[in-house]
Amino acid sequence: MQRRIFRTAAVAAVLGLLVPLSGCGSDSGAGDDGTLRLVAAEYGTSQATSSKVFWDKVTKDFTATHPGIKVEVQLLPWADIDREVSRMVKAGKAPDIALMGSYSDFAAAGELYSADELLSISAEANFLQPLAEAGSVGTTLYGLPWVASSRLLFYNEGLFKQAGLEAPKNWSGLKSAAKALKDKGVKTPYALPLGPEEAHAEAMIWGLSNGGGYADSAGRYNLASDQNIQTFRWLKDNLVSPGLTGPVPPSQLNRADAFAAFLRGEVGMLNGYPSLWHEARAKGIGVGTVSMPVSDTMGAGETPPAVGVADWMMAFKQHGKRTQIGKFLEFVYQDENLADFAGRYHLLPSTVSASDSTADGLEKNDVQFLTALRGAQLYPVNDPSWVEVSDTIKRNIGRAVEPGGDPKTVLEDIAAKANEAAKRH
């Protein structure tokens, strides 16, 4: 997750490397027994939208109800936080709590408290099931999901109306719609971002829509499955080769650029998430959203899961502050706090109760994203090798649809590297 679903590279440039809150500006230990240190990713894209406002309020409210515990928060850009927290842990200066994109390598090393050591039974049971499963190693929950998102197919309603089109339900319908859009002069009928920024998301969406994906039923990597090979052959032959994916080769098209083109009205269809829908509406672009069209070979009534993504809270054992950490996490996961944070960034809360409490106030499209999330499939983030495997996918999967590329060869090469990574971890 660059940011897996919803992170933005602009944060690093806008906010700089470190944004300290509540007087915390270094990584020199965890302070006295009454002080907790939280290192969190910055979700905002400018000072005006910085997460600082949320954390200032929630830590002040927490200390008011727990006078003996102070919480210092340090914000880091998404581009830096995984590396920086790893450095802190190795240096013996781990934060007490971190909010970031990956947790499984710390869990595998025995560095994290499990959820049952921190939360009440009701709080631990409150996480949406797909998120709880992704946050668990074996049957033990270590990565506490914070906010999440799901992906749906977006289409430009104005362009579709001009071409006399309806939302596609299967791959052949998507291809026909893309061809009609191209005939109408649409620059990018379907944006296929398989560039190195976030190719693993687009690849997984398409794989699932044909009964494939990244893992088999036993949880082992299965990147070169027959379904995945068929998927990328179809993409190459039916969308890329006929010129239906726009002027930029998919292997060079990053998600951020695809989204920017959509907001300029140059893209007919792409896979998107809630904040993009809100951005498009603010620019006056009518956007329809539907579940990802399925392969024409999928059985009648089969509905593949959407892709879901979450970011993770984790609690480190290094300074032995289990009791204080548990009290803070119980507080911050209260419905009003979680819903407040999710609403600021057009994301989805990770708990059943917060989702239910906000559902009545959500717009139709947001409800559709929430419904998709409840049955979504997440990346295999609970595998310690996933960070390495996802990087391999991002750097290589686009070659499968290049003019001289062979999907089978490319996927088998990625699969071999994934299996090697899994063995090392």
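Counting every Cα pair in the range 223-264, what percent are over 15 Å apart? Beyond 15 Å sits 53 percent of the P(r) for the range 223-264. Normalised size of the range 209-307, defined as Cα radius of gyration per 2.2 N^0.38 Å with N residues, equals 1.24. If you look at the Cα atoms of the chain, you get an Rg and a Dmax of 21.5, 67 Å. For residue 321, a cut-off of 24 angstrom between C-alpha atoms picks up these lysines, skipping any fewer than 8 places away in its own chain: 52, 57, 60, 70, 90, 93. Would you kindly give the portion of the calculated P(r) for the range 247-405 that falls above 19 Å, as a percent of all Cα pairs? Summing the P(r) of the range 247-405 above 19 Å gives 69 percent of all pairs. Once the convex hull of all Cα atoms in the range 156-217 is built, its volume per residue stands at 94 Å³. Within the same chain, lysines fewer than 8 places from residue 283 are excluded, and of the rest, those with a Cα less than 21 Å from its Cα are 161, 187, 364.
Heavy-atom surface analysis with a 1.4 Å probe gives the chain a carbon and sulfur content of 50 percent of its accessible area. Cα centroid distance between the range 319-381 and the range 37-58, in Å? What the calculation gives is 16 Å, centre to centre.
Sorted largest first, the principal axis extents computed over the alpha-carbon atoms of the range 191-241 equal 34, 23, 15 Å. Over the chain, accessible surface divided per residue gives 40 Å², non-protein components excluded, 1.4 Å probe. Using 26 Å as the Cα-Cα cut-off, could you pick out the over-long pairs in 236/423; 317/417; 236/417? From the list (236/423; 317/417; 236/417), the Cα-Cα distance tops 26 Å for 236/423; 317/417.
Across the range 353-425, the relative contact order, built from alpha-carbon pairs under 8 Å that are at least six residues apart, equals 28 percent. Here the simple spin-label model places points 7 Å from the Cα toward Cβ, and for residue 233 and residue 290 these points are separated by 2.6 nm. Simple rule: put +1 on each Lys or Arg Cβ and -1 on each Asp or Glu Cβ in the chain, find the dipole, and look at 217, 178, 113; the Cα lying farthest toward the positive end is 178. Normalising by residue count, the range 41-149 has a Cα convex hull of 131 Å³ per residue. For the range 251-311, the list of trypsin sites (Lys or Arg not before Pro) that fall in a loop by DSSP and count at most 13 other C-beta atoms within 10 angstrom reads 264, 283. Out of 35, 414, 339, whose Cα points farthest toward the positive end of the dipole of the chain (charges: +1 Lys, Arg; -1 Asp, Glu; placed on Cβ)? Checking the options against the dipole of the chain, the answer is 414. Each peptide in 320-333, 148-161 receives the mean, over its residues, of other Cβ atoms within 10 Å, and ordering these scores from highest gives 148-161, 320-333.
Kirkwood hydrodynamic radius of the range 78-125, from the reciprocal of the average inverse Cα-Cα distance over all distinct pairs: 12.0 Å. Each semi-axis of the equivalent ellipsoid for the range 323-425 is √(5λ) with λ an eigenvalue of the Cα gyration tensor; in descending order they amount to 38, 21, 10 Å.
The values are calculated or read from the model by the stated rules, or taken from the named source; none is laboratory data. Source: prediction; values computed, not measured. Because the Cβ atoms are built from the backbone with ideal geometry, glycine has one as well, and the counts that use them run over all protein chains shown. Heavy atoms of the whole protein, side chains included, go into the accessibility calculation; ligands, DNA and RNA do not. Shrake-Rupley method; radii C 1.70, N 1.55, O 1.52, S 1.80 Å.
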